[in-house]
């Protein structure tokens, strides 16, 4: 691995995107090799260790537990957006890809029907505006605060989130 590639991998730890890391590592945006280097760097960093796969598997299990919890908690209720159809899933108001700290944060999950979930992803700005008005300004401020808190995607963090969701689901079953 070259020195520049090592710089790139170091830059990835503090960068928000691959392109930002490439610039930090000294690759020029206009370089004719930038595209191929981008792909090469991406392939280097995509190789995951066994520990990473376990972390991702646990995260995916936690995602399923969260949806199960939302469906059970709001069983028999109508969609929070349209108020007409039964709840189908929990929609992440702040998308999972946008904030790790909001990924499993229950107030960030909006119980919606299938049609409204599709609408939320097709017309995100309209959905967000309407649901914010319906739920209230205090809720929106709380979500923004949680988003600012941030979280590191570590095995311990994923394990803690998974355990919390398991406990929540177990308490629902007891009730």
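Highest first, please rank the peptides 132-138, 53-59, 107-113 by the mean number of other Cβ atoms sitting within 10 Å of their residues.
Answer by packing, highest mean first, reads 107-113, 53-59, 132-138.
At what distance in nm do the modelled label points of residue 118 and residue 15 sit from each other, each positioned 7 Å from its Cα along Cα→Cβ?
In this crude label model, residue 118 to residue 15 measures out at 3.8 nm.
Only the coordinates and a few stated rules stand behind these numbers; no lab work does. This is a predicted model, so every value here is computed, not measured. FYI the Cβ positions are ideal-geometry reconstructions off the backbone, even for glycines, and counts take in every protein chain you see.
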